[in-house]
Amino acid sequence: MDTQALLQDNRPSFETERLILRPFQLSDAKTVQHLAGNKEITSRTGMIPYPYPDGLAESWIQGHPTGFANGTEVVCAITLKGNGELVGCMSLAGISKKHQKGEIAYWVAVDHWGKGYCTEAGQVLVKYAFEQLKLNKITSRHKVTNPASGKVMQKLGMSYEGTLRQEMFSEGVFVDLAVYGLLKSEYSTNS
């Protein structure tokens with residue numbers, strides 16, 4: 001077995017009431033390009049390019065095992081439990097062992113907005129971050145023009161910490177980002 005396959009086997013999968021979070025596979029690349037490359041997704045995240053170039057999803061997916069092995073990220077495909085349909089992504093990235101923190105990021109296909117999938121998937125990753133990775137803090141941020149993402153953060157127990165003014169240049173304009181955080185001590189009292 002090659003190193004890439006071995007690393008992929010060590011990455012975690014999670015099951016919720018309606019979802020399975022699993023490592024991305026190369027066979028997911030075309031679906032990722034189609035779903036994440038939707039203009040409504042790219043305009044809300046600011047980190048996903050539009051148009052979504054060929055080959056980007058493959059290289060992104062191929063980097064996940066190394067990020068996990070290095071302890072810097074956990075990236076999961078959000079799939080529906082019943083039929084395995086890929087509907088989005090939930091990640092914990094920027095993991096710092098020294099500072100015991102990481103940042104949650106996510107997107108869900110437009111056809112699946114408003115169904116609570118990000119919150120359901122996020123709860124599992126928050127638990128994993130605090131209980132398995134022993135992190136002290138989880139952060140997340142969203143464009144102020146995307147308040148729905150902030151509602152997900154609030155449902156995960158995160159508190160608003162402030163706004164980074166003109167933090168990102170997206171679609172030809174500077175955009176403010178709202179920052180949220182959750183401490184392990186807050187998680188423990190609310191779980």
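Every residue in segment 91-130 that is of a type in the set (D, E, K, R), farther than 24 Å from T66 by Cβ and free of Cβ contacts under 8 Å to residues at least 60 places away in the same chain, please.
D111, K115
Kindly provide the set of residues from segment 147-186 that are of a type in the set (S, T, N, Q) and either at pLDDT below 95 or touching a Pro at 6+ places or on another chain (Cβ under 7 Å) (or both), ordered by number. Break it down into steps so the answer makes sense when it comes.
Step one: of segment 147-186, the residues of a type in the set (S, T, N, Q) are 149, 154, 159, 163, 166, 170, 185.
Selection gives S170 alone.
Tell me which of these G63 doesn't satisfy, since it passes every other one: (1) out of contact with any Asp or Glu (no Cβ under 6 Å at 6 or more places or on another chain); (2) part of a helix (DSSP H, G or I); (3) more than 28 Å from E131 (Cβ to Cβ).
(3)
Tell me which of these G67 doesn't satisfy, since it passes every other one: (1) buried (at least 17 other Cβ atoms within 10 Å of the Cβ); (2) closer than 20 Å to R141 by Cα.
Only one criterion is unmet by G67, namely (2).
Yes/no per residue for (1) open to solvent by 40 Å² or more (accessible area, probe 1.4 Å); (2) of a type in the set (K, R); (3) over 17 Å from the mean Cα position of the chain (by Cα); (4) modelled with pLDDT of 95 or more:
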{"site": "L7", "(1), (2), (3), (4)": "yes, no, yes, no"}
{"site": "R11", "(1), (2), (3), (4)": "no, yes, no, no"}
{"site": "K30", "(1), (2), (3), (4)": "yes, yes, yes, yes"}
{"site": "Q62", "(1), (2), (3), (4)": "yes, no, no, yes"}
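Does segment 155-174 hold any residues that are within 19 Å of Y106 (Cα to Cα), open to solvent by 100 Å² or more (accessible area, probe 1.4 Å) and not in a strand (DSSP E or B), and which are they?
Within segment 155-174, K155 is the sole residue that qualifies.
The values are calculated or read from the model by the stated rules, or taken from the named source; none is laboratory data. The model shown is predicted, which means the values in this text are computed figures rather than measured ones. Methodologically, a virtual Cβ is constructed for each residue, glycine included, from the backbone with ideal geometry; neighbour enumeration extends over all protein chains shown. Quick note on the areas: whole protein, heavy atoms, side chains included, nothing else; ligands and nucleic acids left out. Shrake-Rupley method; radii C 1.70, N 1.55, O 1.52, S 1.80 Å.
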